[in-house]
1. With a 10 Å radius around each residue's Cβ, average the other Cβ atoms per peptide and rank 241-251, 50-60, highest first.
2. Binned at 5 Å from 0, what are the whole-percent values of the Cα-Cα distance distribution for region 180-257, short to long?
Amino acid sequence: MWWGVGAALLANVLYSVGFVLEKRALGSLPALSAGRPLRVVGVLVTSPLWMAGSLALAAGFVAQLIVYRALPIAAAQGLFVSGLVLLLLLSSAVLGEQPSGRERHALGAVLVALLMVVASVREGDDVVGTGAPWALVLVVCVPTLAAGLLLYGQVERRARRRHRVPTSGIGYGVAVGLLYGVSSLAIKGASGRLTAESASAAVRALFGSPYPYLLLFTAGAGLVMSQAALQRCRASLIVPVCTTVTCLFTAVVGTLTFGERLPDDPLLLTLRVAGTALALSVLLVMPRHDPRT
């Protein structure tokens, strides 16, 4: 169980470093548009700094696979949200993005939430789900992907209007967060498929499920959408919003989909639920618009 906690914290470090490196690289690249995905990819791969950031994110993905093998979904999401603390610190030190008063208060809330979620985990008490009916997974994931794409397109149209107050990135973060929520469910499902005795059997079990195809779609669409949004908005805002939505979706929907249960002990249940709710409340205190410059 504790090596799962360690893997979650390592994933947080890798994801935070990866996003900051990508944001730093995007500042020197031509303007990107999600409507031209091939051009976006072609521009991104020419930047060594962006490639370094993407490698850090890929390593975080591997660590996330380990987490889902060791911890229940709800507990894992509470730990992943703690990565917002490091992200805001790095974005301030490396990118010069200064958080507002509400964002600084959110830091303290996330730290408290992290301690509550970690305290709710007891080795041997939690059941880690390893599988879910494919039909249920698709019924949950397909409408969510459609909602994320529609929301992103709506935000794009509004952002192109003249004389509009500059968007802070809330809409972009919610849209991309929905895609990455589906990706998290696919990672969880894929981790349960990698339990066969032989490598060939594990590969057959994995590619005989919908999980690798969901991952392929969310990776491609999420890459284009997130990088175009990250270039326009502050990393210290859009990434926390995206992370919060992803964690909320994964914790609630994933727990039900994979048949995991919350702790039976009332105290541990209170810590788990209250800690997760506190971490997710970060979304509510984020400003919707940046001040005009």
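Computed from the coordinates by the stated procedures, all read-outs in this text should not be read as laboratory data. Everything numeric here is computed off the predicted structure, so don't read it as measured data. Methodologically, a virtual Cβ is constructed for each residue, glycine included, from the backbone with ideal geometry; neighbour enumeration extends over all protein chains shown.
1. Packing proxy ranking, top to bottom: 241-251, 50-60.
2. The percentages, shortest bin first, are 3, 15, 19, 20, 17, 12, 8, 4, 2, 0.
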